[in-house]
2 protein chains.
Amino acid sequence: MSKKNRIRLFTDTPLKIGEIYTANENQTHYLKNVMRLGLGDEVFLFDGINGEFESQILEIGKKTLSLKVNKKIFDFEKSPDVWLLFASLKKENTDIVIQKAVELGVSKIFPVQTEYTFNAHLKPERVKAQVIEAAEQCRRQDVPEVQNLQNLQQILSNWDKNRTLVYLDETGSGETFAKASSKMKAPVAFLIGPEGGFSLREFELLKSLSYTLSVSLGKRILRAETASISALSCWQAMVGDWK
Amino acid sequence: MSKKNRIRLFTDTPLKIGEIYTANENQTHYLKNVMRLGLGDEVFLFDGINGEFESQILEIGKKTLSLKVNKKIFDFEKSPDVWLLFASLKKENTDIVIQKAVELGVSKIFPVQTEYTFNAHLKPERVKAQVIEAAEQCRRQDVPEVQNLQNLQQILSNWDKNRTLVYLDETGSGETFAKASSKMKAPVAFLIGPEGGFSLREFELLKSLSYTLSVSLGKRILRAETASISALSCWQAMVGDWK
């Protein structure tokens, strides 16, 4: 199997060369039944602390599987200090936002309740599985944290003022991304409103805060999930680790 | 109804103030049964030639509905001359790519067959409906053209050398987007490979052409639909009409 298509699993326990990692039930099912791996086959493991390792299947049980950690292939590398706050959306669009945010290297994801938010009930277990899967696939070394759904005002009242909060203003009165990007050094967070937009009250609140920055992404109206991906992509390309 | 939530329909016939537009069966169903509009209600119409107009429902028939074109609200505006070529994907991901490309203002969309492409059977009628719906929702004034699926080599053999073809190189040997953006003035086209990447032969071919430019979007592996959205967003922000 080429490195390109390597199988990559996140372990929530620290890894060490020479030691054994015991895959959990889901991972075992995936390796054994989905990928049909056998004894001696290679699996890449990363722990979000020490980096990424080559391992080999040593033993296959009914519901567990053990892997011998052989050699380190990548040092741990932290993703940039950029957060995504997004007004929760319908299930399939929330799935898109979360998956793409992981690929685009965010370090924290906050589903947010705003005045015009569709109130999605996110299942923390499901979201956690999604985030891990996306991290495994996109080959990042860390797994971003996902917060529980919180009210926007509540989040703002606890805000660390050293982190710039960039909110997307679809009324068109924000700065262009290119122009505003010089004020977006990490730590930064992007806030994407719901399909209905922010309420007037929310706009007033956001405008009044010292640590916020209003940005427009052109004249066409982007769906919330598109705006999330666009903002993070532009940030990575102009300020973050795509540079 | 606020302008924010206005109902907006694309008409494939040119509009003129004072004249009557007759909605087709799908549009009639949408206005009558989905949006539950009645006589005198306002609908925004755009024709992709003359611009966007306010109209009012004048008559409601069983399968058609007539609208009186009252006043122009926006002049026609062409979207930037940027194309998206993408290796066709599984249905739901192709849907995402097409919808987002419309929102992000492309003028032409080419599904492309590459060596490692999943061969999706795109139904032209379905794609056309998707593109129109996305254009209606994002409030652009024109509707991008969608080409039929073509082979990459076939597309390249007919290429107009004045159009820069930017291909995403996930092996990491491309330039950064920020650096390469100065060479991406319109007309430009982005080419996004399939999940399996371009073949070695395709890479060699792309590299050998005078009008191509290779770009990398960081170290994390982006899914093909993410890469499409990211590349178009970065282009709009650095070169296109988000500036």
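Quick look at the numbers
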read-out	value
Flag if A:Val131 is touching a helix residue (DSSP H, G or I) at 6+ places or on another chain (Cβ under 7 Å), at pLDDT 95 or above and surrounded by 15 or more Cβ atoms within 10 Å (Cβ to Cβ)	yes
Tally, over the stretch B:208-228, of residues that are out of contact with any Phe, Trp or Tyr (no Cβ under 9 Å at 6 or more places or on another chain) and more than 7 Å from every other protein chain (Cβ to nearest Cβ)	2
Enumeration of residues in the stretch A:104-140 that are within 14 Å of chain B (Cβ to nearest Cβ), more than 28 Å from A:Phe198 (Cβ to Cβ) and assigned to a helix (DSSP H, G or I)	A:Glu133, A:Ala135, A:Glu136, A:Gln137, A:Cys138
Within the stretch B:125-144, tally of residues that are under 21 Å from B:Trp242 (Cα atoms) and of a type outside the set (A, V, I, L, M, F, W, C)	7
Scan of the stretch B:145-176 for residues that are in a strand (DSSP E or B), away from chain A (no Cβ under 14 Å) and in contact with a Ser or Thr (Cβ under 9 Å, 6 or more places away or on another chain), ordered by number	B:Glu145, B:Asn151, B:Thr164, B:Leu165, B:Tyr167
Flag if A:Gln137 is in the same structural domain as A:Val188 (by TED's automatic domain parsing), farther than 30 Å from A:Leu200 by Cβ and crowded, with 20+ Cβ neighbours inside 10 Å	no
Any chance A:Ala227 is within 19 Å of the chain's Cα centre (by Cα), surrounded by fewer than 23 Cβ atoms within 10 Å (Cβ to Cβ) and touching a residue at least 24 places away in the same chain (Cβ under 8 Å)	yes
The stretch B:180-192: number of residues that are more than 14 Å from chain A (Cβ to nearest Cβ) and among the aliphatic types (A, V, I, L, M)	4
Qualifying positions in the stretch B:102-121 - surrounded by 18 or more Cβ atoms within 10 Å (Cβ to Cβ) and aliphatic (A, V, I, L, M)	B:Val102, B:Leu104, B:Val106, B:Ile109, B:Val112
Tally, over the stretch B:209-224, of residues that are among the charged types (D, E, K, R) and either in contact (Cβ under 8 Å) with a residue 12 or more places away in the chain or under 17 Å from B:Gly105 (Cβ atoms) (or both)	2
Residue satisfying condition, being of a type in the set (A, V, I, L, M, F, W, C) and more than 30 Å from B:Ser233 (Cβ to Cβ), within set B:Leu84, B:Leu89, B:Leu65	B:Leu65
Unmet criterion (only one of (1) in contact with a Leu (Cβ under 7 Å, 6 or more places away or on another chain); (2) within 14 Å of chain A (Cβ to nearest Cβ)) for B:Glu195	(1)
Tally, over the stretch B:107-119, of residues that are within 12 Å of the chain's Cα centre (by Cα) and under 22 Å from B:Glu202 (Cβ atoms)	4
Residues located in the stretch B:54-80, provided they are surrounded by fewer than 16 Cβ atoms within 10 Å (Cβ to Cβ) and under 29 Å from B:Arg163 (Cα atoms)	B:Asp75, B:Phe76, B:Glu77, B:Lys78
Residue list for the stretch A:188-201, filter: more than 14 Å from A:Ser173 (Cβ to Cβ) and surrounded by 15 or more Cβ atoms within 10 Å (Cβ to Cβ)	A:Val188, A:Ala189, A:Phe190, A:Leu191, A:Ile192, A:Pro194, A:Glu195, A:Gly196, A:Ser199
Of residues in the stretch A:92-101 being surrounded by fewer than 23 Cβ atoms within 10 Å (Cβ to Cβ) and either under 17 Å from A:Gln236 (Cβ atoms) or without any contact (Cβ under 8 Å) to a residue 12 or more places away in the chain (or both), the one farthest from the chain's Cα centre (by Cα)	A:Glu92
Tally, over the stretch A:181-196, of residues that are within 23 Å of the chain's Cα centre (by Cα) and assigned to a loop (DSSP other than H, G, I, E, B)	7
Qualifying positions in the stretch B:185-197 - out of contact with any strand residue (DSSP E or B) (no Cβ under 6 Å at 6 or more places or on another chain) and either at pLDDT 95 or above or not assigned by TED's automatic domain parsing to the domain that holds B:Thr226 (or both)	B:Pro187
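Residue-wise test of (1) within 8 Å of chain B (Cβ to nearest Cβ); (2) closer than 23 Å to A:Lys78 by Cβ; (3) assigned to a loop (DSSP other than H, G, I, E, B).
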| residue | (1), (2), (3) |
| --- | --- |
| A:Ala178 | yes, no, no |
| A:Glu202 | no, no, no |
| A:Leu205 | no, no, no |
| A:Ser230 | yes, no, no |
| A:Gln236 | yes, yes, no |
| A:Asp241 | yes, yes, yes |
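Table: residues versus (1) surrounded by fewer than 18 Cβ atoms within 10 Å (Cβ to Cβ); (2) of a type in the set (Phe, Trp, Tyr).
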site	(1), (2)
B:Glu145	yes, no
B:Gln150	yes, no
B:Gln153	yes, no
B:Asp160	yes, no
B:Arg163	yes, no
B:Tyr167	no, yes
B:Ser173	yes, no
B:Ala180	no, no
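The values are calculated or read from the model by the stated rules, or taken from the named source; none is laboratory data. Just so we're clear, the structure is a prediction, and the values are computed from it rather than from any experiment. Positions of Cβ are generated from backbone atoms using ideal geometry, with glycine treated the same way; all protein chains shown enter the neighbour counts.
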